[in-house]
1. Can you tell me which residue is surrounded by the fewest Cβ atoms within 10 Å (Cβ to Cβ) among those in the range 152-202 that are small (Gly, Ala, Ser) and away from the ligand (no atom under 14 Å from the Cβ)?
2. Taking the range 23-52 as the region of interest, how many residues are part of a loop (DSSP other than H, G, I, E, B), exposed (fewer than 15 other Cβ atoms within 10 Å of the Cβ) and at pLDDT below 95?
3. For the range 53-79, which residues satisfy the criterion of being crowded, with 19+ Cβ neighbours inside 10 Å and among the aliphatic types (A, V, I, L, M)?
4. Filtering the range 345-375 down to residues that are surrounded by 23 or more Cβ atoms within 10 Å (Cβ to Cβ) and among the aliphatic types (A, V, I, L, M), which residue is farthest from the ligand (Cβ to nearest atom)?
5. Taking the condition of being farther than 18 Å from Phe388 by Cα and either in a strand (DSSP E or B) or open to solvent by 30 Å² or more (accessible area, probe 1.4 Å) (or both), how many residues in the range 320-340 meet it?
6. Give the residues of the range 405-428 that are surrounded by 13 or more Cβ atoms within 10 Å (Cβ to Cβ), assigned to a helix (DSSP H, G or I) and either out of contact with any Leu (no Cβ under 8 Å at 6 or more places or on another chain) or of a type in the set (A, V, I, L, M) (or both), sorted by residue number.
7. How many residues does the range 1-52 hold that are aromatic (Phe, Trp, Tyr) and over 21 Å from the mean Cα position of the chain (by Cα)?
8. Starting from residues that are touching a residue at least 60 places away in the same chain (Cβ under 8 Å) and open to solvent by 30 Å² or more (accessible area, probe 1.4 Å), keep the ones in the range 211-237 and report whichever is farthest from Pro255 (Cα to Cα).
Amino acid sequence: MQKGSFFENSKRLFHKSLQHIAFSDDALKILDRPKETIEVTIPVRMDDGTLEVFTGYRVHYSDLLGPMKGGIRYHPLVNLDEVTSLAFLMAFKCAVVGLPFGGAKGGVIVDPKKLSKHELERLSRGYIRAIYEFIGPDIDIPAPDVYTNEMIMGWMADEYNKISRKLTPAVITGKPVSLGGSLGRNDATGRGAYYVLRELVKALKLKPKNLRVAIQGFGNAGFHAASLLHQDGFRIVGLSDSKGGILTEHGTLDPSSIMRIKEKQGTLEGVYCKGTVCDVIDHKKVSNEQLLESNVDILIPAAIENQITKDNAGRIKAKIICEIANGPTTAEADELLAKKGKLVIPDILANAGGVTVSYFEWLQNRSGQYWSEKEVHAKLETMMIEGFRSVYSLQKSKKIDMRTAAYAHAAKKIMGAIEARGTTAYFKQ
Ligand code: GLU
C-alpha cells in the first residue's frame, strides 16, 4: 500500500477513533486488509467490430456484519487502491447506520461517456459474467455508484438471472422499479444527506434561510440534496460539475431549473450567461477550486475523493462541511479542518442514505412485499436521524470530531463481531 494513497488515508481517519474505544489487536489486524480482491478482464465487442478488453475489480472488504454491499463505479481513473478504499468505507458506512451488511465495492476502468448504449450494455453484462460466482443476495449485493445508474443495474440483474436460470432480484439494488427496484432509491443519497444536515442545523439552532450553501458535484446525489435543501429554505448560492461552476452573491439558485438548462447545454458551465438563469439571477462563473473556497456557511462536496487537501483546507470558509462524496477530505486536511473548528458530517454518515434504501430494496425483494414511497422516506428519515444522533452524542460526550465519532461508533460494532468469535486473550487463557 502506497503512502498517501486513498486507502491509507481512509485507514488513518479510522485509526484516529481507536483511542476512544476498547478493542483487541486481533480485530485491528483483520480490519487492516480486505477479505478478498477480484480483478477481471472484460472483453467487449465494440460497435465498429473491434475488440476492447476492459479491467474490472470487485473488492470484498468485510462480511463480518452480513453480506457485503457496495456500488460499482465506471470511471477512467478507477484503480485498485480506490476500489479497496471505497469497499472499506462501505463496511463502516453500513455499520454507522446499523445495516446488517459488510462492505464491498466494484469498479471498471472506462469512460462511459465514450461508449454507445449497446457497448455499455455489453460491458455491464460482461462484468457480471466475470464476477458472477462472487455475488449473490447472501454474498455480495452490488448497486450504482459514480457513472452507473438504474438502467445498468437492470442489465446486471438480468444477466445474473439468465446465468443462474432463476429470478433473484435481491442480487443487485438500485434497479428500475419495474424490475424490482424500490421507490425512493433514486434520490436516497441526496435525501439522506439532507436529513442529517437538517438535524445538525436544528441541533445548532440555526435557521436555513440564513445559511448559504455551495455544492460541488451536480450528479444524482448533489442534485437531489440541493433540491431538498432549496425546498426547505436553505440558500443555494453555488453549484459546480466537473467542468466548472456558478456562484451568486445575491439571491438563490434553483437546482431544478439549473438542471433543466444543464441537460440542454451539457455542462453547468453552459448555464453561465445562457438561458433563463442568467436573466433572472446575477451569478458569476467559478472553477471547482473557487467554489470550495467560496464564502458560504455550508459546503457540500458531492463529486469524488481527494477534493479537500492540505493545500486548500486552510482557505475553506464554510463552518459546516457535509460530505456526500466518498472520501472527499484527505487525512491531513481533516486535521486542519478540526483545528479550525469546522463541523464535518463525514461521508460514512452523510451519504449513507443510498445504501440504506438499497437495504430496503433488498428486504422488499426478499419478502415480495413492496412499500410506498412515503414509507421509504419515513423509514429512511428514521434511520438517518438515529445514525446522526448516535454520532452527534458521542462527538459531544467525548469532545471529538464527528468523523472520529462515526468511526468509533461503527468500529465498536464491526470489532465486536470479530471479538465474539474469540480473541488472543481468550484463547491464551
Ligand atoms: N454507491 C453508493 C455508496 O457509495 C450506494 C451503495 C449501495 O447502495 O450499495 O454508498
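1. Ser178
2. Total meeting the criteria: 0.
3. Within the range 53-79, Val59, Leu64, Leu65, Met68, Ile72, Val78 qualify.
4. Ile345
5. Number satisfying all stated conditions: 7.
6. Correct list: Ala405, Ala406, Ala408, Ala410, Ala411, Lys412, Ile414, Met415, Gly416, Ala417, Ile418, Glu419.
7. Qualifying residue count, the range 1-52: 1.
8. Arg212
The values are calculated or read from the model by the stated rules, or taken from the named source; none is laboratory data. Since we're looking at a predicted model, the values are computed, not measured. We place every Cβ from the backbone using ideal geometry, glycine too, and count neighbours over all the protein chains shown. Heavy atoms of the whole protein, side chains included, go into the accessibility calculation; ligands, DNA and RNA do not. Shrake-Rupley method; radii C 1.70, N 1.55, O 1.52, S 1.80 Å.
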